[in-house]
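Read the structure below first, then the notes.
The values are calculated or read from the model by the stated rules, or taken from the named source; none is laboratory data. The model shown is predicted, which means the values in this text are computed figures rather than measured ones. Neighbour counts are summed over all protein chains in view; Cβ atoms, including those assigned to glycine, are modelled from backbone coordinates with ideal geometry. Heavy atoms of the whole protein, side chains included, go into the accessibility calculation; ligands, DNA and RNA do not. Shrake-Rupley method; radii C 1.70, N 1.55, O 1.52, S 1.80 Å.
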Amino acid sequence: MTEIETSPHADRGALEAMVSDADTGARKPTGFAARLLTAVAIAWSLFQLWYASPLPYVLGFGVVSDTIARDIHLAFALFLAAMSYPAFRRSPRRRIPLGDWLLALAGVASTLYLVVFYRAIAERQGVPTTMDVVASAIGILVLLEMARRAVSPAITVIAILMLGYIFAGPHLPGLLAHKAASLGRVASQMWLSSEGIFGVALGVSTNVVFLFVLFGTMLERAGAGSYFIQLAFALLGRFRGGPAKAGVVASGLTGMISGSSIANVVTTGTFTIPLMKRVGYSGIKAGAIECAAGVNGQLMPPVMGAAAFLIAEYVGISYNEVVKHAFFPALLTYGSLFYIVDIEAMKKGMIGLPVTRRSSALQAAARTAMTISGLIVLSGVVYYGIGWIKLVFGEDADLIIAAGVAIAYVALVAYRARHPDLPMDDPGTGLLVVPAFAATAVTGLHFLLPVVVLIWCLMVEELSPGLSAFWGTVVLILLMLTQRPLTAYFRGRTGLGAEWRAGAVDLYQALIAAARNMTTVGLATAAAGIIVGTVLLTGIGLVMTEVVEVASGGSLIAMLLLTAAICLILGMGMPTTASYVVVATLMAPVVVDLAAQNDLAVPLVAVHLFVFYFGLMADVHPPVGLAAYAAAAISGADPVRTGIQAFKYEVRTALLPFIFIFNPQLLMMDIEGPVQLVLVLSTSVLAMIAFVAATQGWFLSRSRWYETVGLLLACFLLFRPGFWLDLVSDPYETLPPEQLLVLADQTPAGAPLRFRVETTDATGATREKLVRIELGKGESGAARLRSAGLEVDAGGGTVTIVNVRFGSLAAKYGVLPGDTVLTAVAPAVRPSPQWFMIPALMLIGGVALAQRRRIRAGRVLVPA
């Protein structure tokens, strides 16, 4: 068997060093410093497990409040960053300079100051002492330096500009001017309260993100990452362009548990990129495919690079709702990349790799159908079986369910032990034959149990994300400790003590790696809190709105394009979490406000996904796209050209956020019944196929220019079927304001209610805007409005907003007490816009027919 010819750039140690430098720091000290770093990392992981667990409440001691937990969380991050990340490239790697020891101690002291003097600070809130200001100033300076080292210089520069803007307010011209704040006021805002550094973003990092990062790290360390890669290769390697398709699927699977684009690219790319090159992809395209797939992993629930939990907090919806809205677009972007890979394979005339055991298409289809049917039946048995157990056994049901999970785990490990282990995914081993899928699948079925427990707790039991991750992590800890000795036992081996020790070492390393990985996330969310605090303190959000409105000339499309460009710039060089917090704070309110003024009521979650997608795209695009550099290091291609090619592939991902704004049905919103759901899903897939075919210049064969135009038009018609109908018939009818409560009575809970209000902005100008809120639960329309955070008074011939609950959707749309409701807005009775899908389908069918005729006539070169 011939070995794969890999690039010398693809040295495994160098790639691991690249990931390590980005995620856990480039410094590798020895001696006491190394032992201290290890002890602190383990202590952080154990603290987070204790904080997330129900044990403190059961035992009655060790309960930590949310505020103090955030302080301790940041203290750990600051200490590890100062010790792990050198200040400059020439700084020592094997020892820790005295200055960094002092910075580490200063960062810990300034955060623990908030813990020690918690009650006193709370009592004098808003009136800081000199010591409060000194501790705050030290903490902010250390945080800025650590963020520069560990996260990126970009977020530090933005944070410094924001702080400068606060103090320079009276000296700025025109719209930029504002009343300056004192040093004490800034200290209170940024460090001593929960409206700045210790705000929502750091709270989500403390309560949720750490446990999910720990879960993903443990799952990877247990061997699930390698299992997912090999499973994808076994499933898809036999098809044309199979290694590339396997890379796409494997990146989606590993991206669900990974919070790093670079780690995702390196994890799967070291195996798939050399194979892609071997079957015919150029180094640039192989790297670009893996880069695009790795970055898109951050769009895939349940983690989404930790942004899913932040979106839930910022939008004010449940985590389950975020997953529901984000899941189909993530599948769509992965499916479209899969199609791009297939087109590139068709252009090159590629064929699949040989398989160890061939089967007919009918046999493969039968096995697939039986597998899917079995999974559905098993899911039903588990769901209703657990429901019956809870009904019959009450409080004892949890013990019975836990015993059932344990029995299932032992049975799966015993089944795995009957089959040989698969070889590790080393790119130098020359894997040129695709292993049998069944033989591959059985080697890691037990890895699915912790994932099932996590998803069950999140989606069925509806526990909090933090508690769900805790229980999933507990199952995973038991798996890591026992999978090796159990496998050895069932295989009849002796010397189980060594297997127990190996499992303990895996757990030990996972606890360390998770804390080290979380350093950048903790610092990123804390530094982003400076931006949030500045927006709250100065009203710079209004300035951004005015700037974008003027620059776009009042055009909604121009505004969205400009916002997308700003998000790309703001996201450069930042990890996923920090990128989202920055763009969500600065740009999401801009989109909401300007869209409302343009008579477009956009769902808030659609706006946040819009800015999230474009902030994340910066991971691909040169000159900062680190994921492209990682992929190019493996492929041996030019990193800039790799990034540009990956960005071309990502154009399909850039299309989706615009669809969110104008057609939220793609997010599973405003869908009436199962028939419309099927229509939305099927036509969205067809629309994306048409768009990819148009941008790649290839459908069944190479497309002519007018066929490309036809495919683009079909894509537009399928994604926005109501556009042409809106030109001749308004989608909504305007009702008198007093009809608002009547309309609310007719609108069920969870459905949107639209109305137009007259409000006053921060400059005192009167504006009109369209508002959309999802009604809460209640017996009457007024009750459902109150549940959604809004109270109205319909007396005296006018409808006035009486109260807006803090943090509600109405508040996030900028509705204020005292605003006047001008009109109620109801969906108009008109023909279904889905009728416009028919000409789109005819266009796609016409292009397919024309290309098929050319192929049959032999007028084109069709690869075998």
TODO: Looking only at the stretch 481-489, decide whether some residue is touching a helix residue (DSSP H, G or I) at 6+ places or on another chain (Cβ under 6 Å), assigned to a helix (DSSP H, G or I) and of a type in the set (Lys, Arg).
DONE: yes
- [ ] Kindly indicate whether any position in the stretch 820-828 is outside any loop (DSSP other than H, G, I, E, B) and modelled with pLDDT under 85.
- [x] no
Open item on the list: I'd like to know if the stretch 850-864 contains one or more residues that are within 34 Å of the chain's Cα centre (by Cα), assigned to a loop (DSSP other than H, G, I, E, B) and surrounded by fewer than 16 Cβ atoms within 10 Å (Cβ to Cβ).
Closed with: no
Task: Residue under evaluation Ala811, criteria (1) outside any loop (DSSP other than H, G, I, E, B); (2) modelled with pLDDT of 85 or more; (3) of a type outside the set (Val, Ile, Thr), criterion not met - done: (2)
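Go through the stretch 708-735 residue by residue and tally those that are open to solvent by 70 Å² or more (accessible area, probe 1.4 Å) and closer than 30 Å to Gly796 by Cα.
At the first step, the residues of the stretch 708-735 found to be open to solvent by 70 Å² or more (accessible area, probe 1.4 Å) are 709, 712-713, 716, 724, 727-728, 730, 732-734.
The next check asks that each one be closer than 30 Å to Gly796 by Cα; those that pass are 732-734.
Selection size over the stretch 708-735: 3.
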Open item on the list: Looking at (1) over 30 Å from Leu537 (Cα atoms); (2) open to solvent by 20 Å² or more (accessible area, probe 1.4 Å), which one does Gly252 not meet, given that it meets all the others?
Closed with: (2)
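Would you tally the residues in the stretch 736-749 being aliphatic (A, V, I, L, M) and open to solvent by less than 40 Å² (accessible area, probe 1.4 Å)? Reasoning before the result, please.
We begin by selecting, within the stretch 736-749, every residue aliphatic (A, V, I, L, M); these are 740-744, 749.
Now narrow it down to the ones that are open to solvent by less than 40 Å² (accessible area, probe 1.4 Å): 740, 743-744.
Total meeting the criteria: 3.
Determine whether Val547 is aliphatic (A, V, I, L, M), at pLDDT below 85 and either open to solvent by less than 20 Å² (accessible area, probe 1.4 Å) or touching a helix residue (DSSP H, G or I) at 6+ places or on another chain (Cβ under 6 Å) (or both). Walk me through it before giving the result.
Working: aliphatic (A, V, I, L, M): yes; at pLDDT below 85: yes; either open to solvent by less than 20 Å² (accessible area, probe 1.4 Å) or touching a helix residue (DSSP H, G or I) at 6+ places or on another chain (Cβ under 6 Å) (or both): no.
Against the criterion (aliphatic (A, V, I, L, M), at pLDDT below 85 and either open to solvent by less than 20 Å² (accessible area, probe 1.4 Å) or touching a helix residue (DSSP H, G or I) at 6+ places or on another chain (Cβ under 6 Å) (or both)), Val547 does not qualify.
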TODO: Output the number of the condition that Val624 fails; it satisfies all remaining conditions of (1) at pLDDT below 85; (2) buried (at least 23 other Cβ atoms within 10 Å of the Cβ).
DONE: (2)
Open item on the list: I'd like to check something: does the stretch 226-247 contain any residue that is among the basic types (Lys, Arg) and either touching a Cys at 6+ places or on another chain (Cβ under 9 Å) or not in a helix (DSSP H, G or I) (or both)?
Closed with: yes
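Quick check, is Met574 within 30 Å of Leu46 (Cβ to Cβ) and either open to solvent by 40 Å² or more (accessible area, probe 1.4 Å) or part of a loop (DSSP other than H, G, I, E, B) (or both)? Break it down stepwise before answering.
Details: within 30 Å of Leu46 (Cβ to Cβ): yes; either open to solvent by 40 Å² or more (accessible area, probe 1.4 Å) or part of a loop (DSSP other than H, G, I, E, B) (or both): yes.
So Met574 passes the test.
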- [ ] Keeping to the stretch 71-111, report how many residues are open to solvent by 30 Å² or more (accessible area, probe 1.4 Å), under 31 Å from the mean Cα position of the chain (by Cα) and touching a residue at least 12 places away in the same chain (Cβ under 8 Å).
- [x] 3
Task: Unique match (being modelled with pLDDT under 80, touching a helix residue (DSSP H, G or I) at 6+ places or on another chain (Cβ under 8 Å) and either part of a helix (DSSP H, G or I) or among the basic types (Lys, Arg) (or both)) among Thr270, Thr333 - done: Thr270
- [ ] Filter the stretch 169-178 down to residues that are open to solvent by 30 Å² or more (accessible area, probe 1.4 Å) and assigned to a helix (DSSP H, G or I) and give me whichever is nearest to Thr538 (Cα to Cα).
- [x] Leu176
Task: The lone exception for Leu481 - which of (1) buried (at least 19 other Cβ atoms within 10 Å of the Cβ); (2) of a type outside the set (Phe, Trp, Tyr); (3) touching a Gly at 6+ places or on another chain (Cβ under 7 Å) it fails - done: (1)
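Suppose we filter the stretch 738-794 for residues that are among the β-branched types (Val, Ile, Thr) and either without any contact (Cβ under 8 Å) to a residue 24 or more places away in the chain or over 30 Å from Lys179 (Cβ atoms) (or both); how many remain? Give the steps one after another, and end with the answer.
Of the residues in the stretch 738-794, the ones among the β-branched types (Val, Ile, Thr) are 742, 747, 757, 759-760, 763, 766, 771, 773, 792.
Now drop any that are not either without any contact (Cβ under 8 Å) to a residue 24 or more places away in the chain or over 30 Å from Lys179 (Cβ atoms) (or both), which leaves 742, 747, 766, 773, 792.
Number of matching residues: 5.
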TODO: Scan the stretch 333-350 and report the pairs whose first residue is over 12 Å from Phe699 (Cα atoms) and touching a residue at least 24 places away in the same chain (Cβ under 8 Å) and whose second residue is of a type in the set (A, V, I, L, M) and open to solvent by 40 Å² or more (accessible area, probe 1.4 Å), with Cβ atoms within less than 6 Å and a gap of 6+ or a chain change.
DONE: Gly349/Ala864
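Let me confirm something: among Pro173, Pro243, Pro274, which residue is free of Cβ contacts under 8 Å to residues at least 12 places away in the same chain and over 20 Å from the mean Cα position of the chain (by Cα)? Explain how you work it out, then say what you get.
On the way: Pro243 fails: free of Cβ contacts under 8 Å to residues at least 12 places away in the same chain; Pro274 fails: free of Cβ contacts under 8 Å to residues at least 12 places away in the same chain.
Step by step, each of Pro173, Pro243, Pro274 is checked, and only Pro173 is free of Cβ contacts under 8 Å to residues at least 12 places away in the same chain and over 20 Å from the mean Cα position of the chain (by Cα).
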Task: Enumeration of residues in the stretch 119-157 that are over 33 Å from the mean Cα position of the chain (by Cα), surrounded by 14 or more Cβ atoms within 10 Å (Cβ to Cβ) and in a helix (DSSP H, G or I) - done: Ile121, Asp132, Val133, Val134, Ala135
TODO: Return a yes/no flag: does the stretch 663-680 have any residue that is surrounded by 18 or more Cβ atoms within 10 Å (Cβ to Cβ), assigned to a helix (DSSP H, G or I), modelled with pLDDT of 85 or more and within 16 Å of the chain's Cα centre (by Cα).
DONE: yes
TODO: Looking for whichever is modelled with pLDDT of 60 or more, open to solvent by 20 Å² or more (accessible area, probe 1.4 Å) and either hydrophobic (A, V, I, L, M, F, W, C) or touching a helix residue (DSSP H, G or I) at 6+ places or on another chain (Cβ under 6 Å) (or both) here; the options are Gly62, Gly25, Gly31. Which one fits?
DONE: Gly62
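Within the stretch 187-194, is even one residue open to solvent by less than 60 Å² (accessible area, probe 1.4 Å), in a helix (DSSP H, G or I) and within 24 Å of Ala26 (Cα to Cα)?
Let us first name the residues in the stretch 187-194 that are open to solvent by less than 60 Å² (accessible area, probe 1.4 Å), namely 187-193.
With in a helix (DSSP H, G or I) added as a condition, the list becomes 187-192.
Remaining after also requiring within 24 Å of Ala26 (Cα to Cα): none.
No, the stretch 187-194 has no match at all.
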- [ ] Mind counting the residues in the stretch 490-515 that are open to solvent by 40 Å² or more (accessible area, probe 1.4 Å) and touching a residue at least 12 places away in the same chain (Cβ under 8 Å)?
- [x] 7
- [ ] Looking at (1) open to solvent by less than 70 Å² (accessible area, probe 1.4 Å); (2) in a loop (DSSP other than H, G, I, E, B), find the lone condition where Phe836 falls short.
- [x] (2)
Open item on the list: Just checking, does the stretch 657-670 include any residue being of a type outside the set (A, V, I, L, M, F, W, C) and either in contact with a Gly (Cβ under 9 Å, 6 or more places away or on another chain) or free of Cβ contacts under 8 Å to residues at least 60 places away in the same chain (or both)?
Closed with: yes
- [ ] Report yes if some residue within the stretch 296-311 is farther than 16 Å from Phe228 by Cβ and in contact with a Cys (Cβ under 9 Å, 6 or more places away or on another chain); otherwise report no.
- [x] no
Open item on the list: For the list (1) modelled with pLDDT under 85; (2) touching a Gly at 6+ places or on another chain (Cβ under 8 Å), I need the number of the one condition that Pro831 fails.
Closed with: (2)
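Quick check, is Asp593 in contact with a strand residue (DSSP E or B) (Cβ under 8 Å, 6 or more places away or on another chain), of a type outside the set (Gly, Ala, Ser), open to solvent by 10 Å² or more (accessible area, probe 1.4 Å) and in a helix (DSSP H, G or I)? Step through it out loud before you land on a result.
Values: in contact with a strand residue (DSSP E or B) (Cβ under 8 Å, 6 or more places away or on another chain): yes; of a type outside the set (Gly, Ala, Ser): yes; open to solvent by 10 Å² or more (accessible area, probe 1.4 Å): yes; in a helix (DSSP H, G or I): yes.
Criteria met by Asp593.
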